[in-house]
Amino acid sequence: MKNADYSALAAQFGTPLYIYDFDEIGQRYTALKSQFGAHKSLICYAVKANSNLSILKLLASLGAGFDCVSINEVKRAVLAGAKPYKIIFSGVGKSDDEIKTALEIGILMLNIESGAELERVEAVAKSLGKKANISIRINPNIDAKTHPYISTGLSENKFGVVIERARELYLKAHKSEYLEPVGCHFHIGSQLIDITPIHEAAVIVSDFVSELAAAGVELKFFDVGGGIGVRYDDESEPDLYTYAQGILAALKGKEMTIVCEPGRYIVANAGELLTKVLYEKVNGTKRFVIVDAAMNDLIRPSLYEAYHKVVALNAKNSDKTSKTDVVGPICESGDFLAKDIALPSQNSGDLLLIKSAGAYGFSMSSNYNSRLRAAEIAIENGKARLIRARESFEDLIRLEKGLI
Ligand code: LLP
């Protein structure tokens, strides 16, 4: 982060510490939004990438909408100031209670992922005497060519419904007194460096929308999901202009509002994880740098073998590097933040910066090994402020206390 005094931040807030550049988050949102020009668009930030309330508040203040996958994400968005009519609720397994609350809040639309779910939404809407705005998540059977764990657009994945089924569901919803089909949706995968699969999916879904219109089902929202990749190592980030133009071309003049649901693109490279070196050790020929952050703070390297650049903040240019694994204190061999990277020798108390940690970092963190989740801070106009306090032992045991 530009001009950040990491030693001072570590001294003030402790480590491990998530640091977010709020100016960068704002710029990324605006850069994407502006690509659609005069065409109606709604950028619904994918809350799962980082659900910190202050981040949601910042994006809401810029006019963003929100893509949520649990009712608690919806509630977070509302609490942060989101307009209900800019909130989308996606996900393969919404419960009746979640559907009910979403309808009561009056969100923009529920993204339906199966025939069974459509029936539940209809039943819940009926019980409330309301009409539910829905969109159906179409699985276009397109290979997003990304890590299998974050690929979602093939029929072998659990997400969405195939086009033939979507057609039946739209016609059914169209006839229902309690359902209003307003949009269509697809999301084929995450961390896409080559965005042509999104454009291919957009063409398939746009043709399908034309077909539905001919059958009397007029949709207003064309939701292309998230998935825009970012630079972790030496990838080149997709060009936003090309991204937007491909979607506009697929729409072939349709006046639908384009919705996109970027998560990673907005926050990944605006976030860093600051960690302190505890020890160095060598086992045989293998060098380890043991730090105070672990897989419970950032699980991406362990779960997806994801690469995050590590910067040695206390090193001088003249320091000689050697290969090392950067590991955490958790009792698992899979607890690593980086493998076989070149790093100068480290002293206890030196600081390391794990880059590109703003997306799916804190939001996937846990209390494994009874570790306390890290604090989070925002840097805005050069000033640091706490946006989530470090957990305490009291927080950790709160729900068990009194029950033993
Ligand atoms: N919309 C839907 C329906 C999604 O399922 C997702 C992500 C997004 C939008 C946002 O995708 P993005 O723009 O962030 O690529 N934990 C994994 C990523 C899982 C993504 C799940 N769905 C990781 O750390 O790489």
List 398, 76, 264, 373, ordered by accessible area with a 1.4 Å probe, largest first: 398, 76, 373, 264
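Over all distinct alpha-carbon pairs, what is the Kirkwood Rh of the chain in angstrom? Display every interim value, and only then the final one.
Numbers: mean 1/r = 0.0445 Å⁻¹.
By the Kirkwood definition, the hydrodynamic radius is 22.5 Å.
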Cβ charges +1 (Lys, Arg) and -1 (Asp, Glu), total dipole of the range 35-262, debye: 800 debye
Signed unit charges on C-beta, dipole axis of the range 35-262, positive-most listed residue 134, 78, 146: 78
Gained length - residue 285 relative to residue 235, 0.36 nm times residue gap less alpha-carbon distance: 14.9 nm
Furthest towards positive pole of dipole, 199, 181, 210, structure part the range 165-214, Cβ charges: 181
Relative contact order [Cα under 8 Å, 6+ residues apart], the chain, whole percent: 18 percent
Rounded Å value of the spacing that divides the Cα centres of the range 81-155 and the range 333-392: 33 Å
Placed amide H near residue 66: partners under 5 Å, 5+ positions off or other chain: 45, 87, 88
Accessible-area ranking of 257, 324, 242, largest first, probe 1.4 Å: 242, 257, 324
Rounded tilt (10° steps) of 196-214 against the dominant C-alpha axis of the chain: 20 degrees
Cα-centre dipole for the range 111-158 with unit charges at Cβ (Lys and Arg positive, Asp and Glu negative), debye to 20: 240 debye
Per-residue ³J(HN,Hα) for the range 388-404, Karplus 6.51 cos²θ - 1.76 cosθ + 1.60, θ = phi - 60°, Hz, x for Gly and Pro: 7, 6, 4, 5, 10, 4, 4, 4, 5, 9, 3, 7, 9, 4, x, 9, 8
For the range 35-262, the fraction of alpha-carbon pairs in successive 10 Å shells from zero, as %: 8, 34, 39, 17, 2, 0
Residue 302 accessible area, assembled protein chains, probe 1.4 Å, Å²: 40 Å²
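Could you sort the peptides 387-396, 49-58 by per-residue average Cβ neighbour count (10 Å cutoff), highest mean leading?
Output ranking for 387-396, 49-58: 49-58, 387-396.
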For the range 218-287 and the range 162-203, distance of Cα centres in Å: 21 Å
Helix-derived mean residue ellipticity, 222 nm - over the chain, DSSP H n ≥ 4, -39500 (n - 2.57), to 500: -9000 deg cm²/dmol
Among 293, 202, 214: highest mean-square fluctuation, GNM of the chain, C-alpha pairs under 10 Å: 214
Accessible-area ranking of 399, 154, 351, largest first, probe 1.4 Å: 399, 154, 351
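Just for the range 111-260, what percent of DSSP beta bridges are antiparallel, to the closest 5?
Taking every DSSP beta bridge within the range 111-260, about 5 percent pair in antiparallel fashion.
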Mean Cβ neighbour count within 10 Å, used as a protection proxy, ranking 273-281, 244-252 highest first: 273-281, 244-252
Among 256, 303, 87 the positive-end extreme of the charge dipole of the chain (Cβ point charges): 87
Cα-centre dipole for the chain with unit charges at Cβ (Lys and Arg positive, Asp and Glu negative), debye to 20: 660 debye
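The values are calculated or read from the model by the stated rules, or taken from the named source; none is laboratory data. Bear in mind that the values here come from a model prediction, so they are computed numbers and not experimental data. No Cβ is skipped: glycine too gets one built from the backbone with ideal geometry, and neighbour counts run over all protein chains shown. When the accessible area is computed, the model is the full protein with side chains, heavy atoms only, and any ligands, DNA or RNA have been set aside. Shrake-Rupley method; radii C 1.70, N 1.55, O 1.52, S 1.80 Å.
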